[in-house]
1. Mind counting the residues in the range 424-456 that are surrounded by fewer than 21 Cβ atoms within 10 Å (Cβ to Cβ) and part of a helix (DSSP H, G or I)?
2. Considering each residue of the range 250-268, count those that are within 17 Å of SER155 (Cα to Cα) and either away from the ligand (no atom under 12 Å from the Cβ) or at pLDDT below 60 (or both), and give that number.
3. Starting from residues that are part of a helix (DSSP H, G or I) and more than 17 Å from LEU43 (Cβ to Cβ), keep the ones in the range 121-140 and report whichever is farthest from the chain's Cα centre (by Cα).
4. Being more than 7 Å from the ligand (Cβ to nearest atom) and part of a loop (DSSP other than H, G, I, E, B) is the filter here, so list the residues in the range 362-385 that pass it.
5. Has the range 291-311 got at least one residue that is touching a Leu at 6+ places or on another chain (Cβ under 6 Å) and of a type outside the set (Phe, Trp, Tyr)?
6. Looking at this structure, is ILE30 within 19 Å of SER123 (Cβ to Cβ), within 16 Å of the ligand (Cβ to nearest atom) and at pLDDT 95 or above?
7. If we scan the range 305-324, do we find a residue that is modelled with pLDDT under 95 and surrounded by 22 or more Cβ atoms within 10 Å (Cβ to Cβ)?
Amino acid sequence: MNSPGKGKATGHFVLIPLMAQGHMIPMVDIARLLAARGVLTSLITTPLNAARFTRSVEEAQASGLPIRLVELPFPCREAGLPEGCESLDTLPSKELIINFFKATAMLRPTVDEYLSNLEIPASCIISDMGLPWTGSTAKKLGIPRLIFHGTCCFSLLCVLMVRKSEVYESVATDHEPFAVPGIPHRIEVTRVQLPSNFAMKSSMKGLSDEILESEAAASGVVVNSFNDLERGYTELYEDAIGKKVWTIGPTFQSNKSVPHSRKREQDLGDEDLCLGWLDERAPRSVVYVSFGSLARFSFEQLVGIGLGLEASNYPFIWVIRAANVTAQMEEWLTGGFEERTKGRSLIIRGWAPQVLILSHPSIGGFMTHCGWNSTLEGINAGIPMITWPMFADQFLNEKLVVEMAQVGVGVGVKSPSVWQDEKPGASVTKEEVQSAVERLMDQGEEGEARRNRARDLRERAKSAMEKGGSSYTNLTLLIEEMTNYSS
Ligand code: UDP
């Protein structure tokens, strides 16, 4: 465990993220934001997850921020997980998801004991919605628990309205569209496009019920988003749940608050290579293609993506997650594809410095799975997007990007992939990939209007985090409310 920095602290915020890249990354950023305001902040996680963020936290400490990384052992063996399997992206199969959540719940006694013996007692807990037991921990300590969902208010409200109204019962099939009731825009979804924890028959129903129960008991919600992007949905969501909602993002802008810290731990992959390659490309000419930390593709689908990118004739960076780089895929890449696209392709096998890449002036488009962090990172960079949702909140995030903000072009996916399951064959064709890229990168009126809207959102994202901006102010209010609660 590392010690806090020397900054003068007010209050003590304890952050407990779900162990998954898409949930850990924004929570570490939130910790840095809080610490930058002088709030003692402890991030509780497990050794493997801590190792991914040590550098970022140590940098923050070195610049005097009162931030701690607390490592507690993860009970892999006890929960029936392979040793070292401490994050969702390291799970070898989807059958182990249940075991993974079992292991997270088994952390409770250790966390309770740690928090009961703190020299500076915790003022509040901000914890992931996927860790419902943290609600009981907060209750035992007599402090508020705030929930972090890892998505936006718009998607949270849509799910809530669909669940409350049971409108999904009114359609005959999983693929028949229906309008989300009780919201100001006409947004159509199908049953299969809703987050899986919604599916009441799912094997995760027990956990899903626990999550709903603990959400009802929570004191408020912290969201990595900003009000101008949410277009009124922050207030609507707040009204619907009857609790305070603090939008405090884009939280990764917190990296700017620490000198010499352009990058995060997980941004280290191939940084020089990517930025050097981008430096040699024309402004706004490159398509960046990445599907986050969890998505799995079949070989056929990967080939479809590659051929579509090749046919589109634009330069591209294509990040292929390590789990998708099979021997067959490697052979296909090196057996002709890389040669044919030489000079205009950069293939990253594994982890790419995404935030840095997106902020490079040569990037002109982003093909994304619409994970919320990636979506927000694209918006923050002012880059129009090709949307390819796969599971969880991603279909709803796509609606926000394509229909509401109008800064994206859908690739045409209608139904989800099951996370951690390769879907056989290809659901999106080479021609669809090519056509989406050409439409997005088009220099005509439609493309230009989209780029202008994206640039406008980038400015709004920036303003939100500046002193006096909505997210900046919300963070101030959040800190005040939580520290007043404890004093
Ligand atoms: N990410 C990255 N490099 C990669 C893949 C992902 O830096 O090669 C980061 C990305 O910038 C984002 C997070 O990992 O912050 C992924 O979160 P998201 O919500 O987009 O998707 P998930 O991985 O949860 O599906």
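1. Filtering the range 424-456 down to residues surrounded by fewer than 21 Cβ atoms within 10 Å (Cβ to Cβ) leaves 424-426, 428-432, 434-435, 438-439, 442-449, 452-453, 455-456.
Among the residues that remain, those that are also part of a helix (DSSP H, G or I) are: 430-432, 434-435, 438-439, 445-449, 452-453, 455-456.
Final tally of qualifying residues: 16.
2. Here the count works out to 0.
3. At the first step, the residues of the range 121-140 found to be part of a helix (DSSP H, G or I) are 133-140.
Applying the additional criterion that residues be more than 17 Å from LEU43 (Cβ to Cβ) yields 133, 135-136, 139-140.
Numbers: TRP133: 22, GLY135: 22, SER136: 25, LYS139: 28, LYS140: 30 Å.
Restricting to residues being part of a helix (DSSP H, G or I) and more than 17 Å from LEU43 (Cβ to Cβ), the top hit is LYS140.
4. Within the range 362-385, SER362, CYS370, GLY382, ILE383, PRO384 meet the criteria.
5. No, the range 291-311 contains no residue that is touching a Leu at 6+ places or on another chain (Cβ under 6 Å) and of a type outside the set (Phe, Trp, Tyr).
6. Here the answer is yes, as ILE30 does meet what is asked.
7. Checked the range 305-324: no residue is modelled with pLDDT under 95 and surrounded by 22 or more Cβ atoms within 10 Å (Cβ to Cβ).
Here's the yes/no breakdown for (1) assigned to a helix (DSSP H, G or I); (2) closer than 30 Å to THR368 by Cβ; (3) in the same structural domain as VAL355 (by TED's automatic domain parsing); (4) more than 15 Å from the ligand (Cβ to nearest atom):
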| site | (1), (2), (3), (4) |
| --- | --- |
| PRO26 | yes, yes, no, no |
| GLN61 | yes, no, no, yes |
| ARG68 | no, no, no, yes |
| PRO75 | no, no, no, yes |
| GLU86 | no, yes, no, yes |
| ILE98 | yes, yes, no, yes |
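The values are calculated or read from the model by the stated rules, or taken from the named source; none is laboratory data. These numbers come from a predicted model, not from an experiment. Glycine gets a Cβ as well: all are built from the backbone with ideal geometry, and neighbour counts include every protein chain shown.
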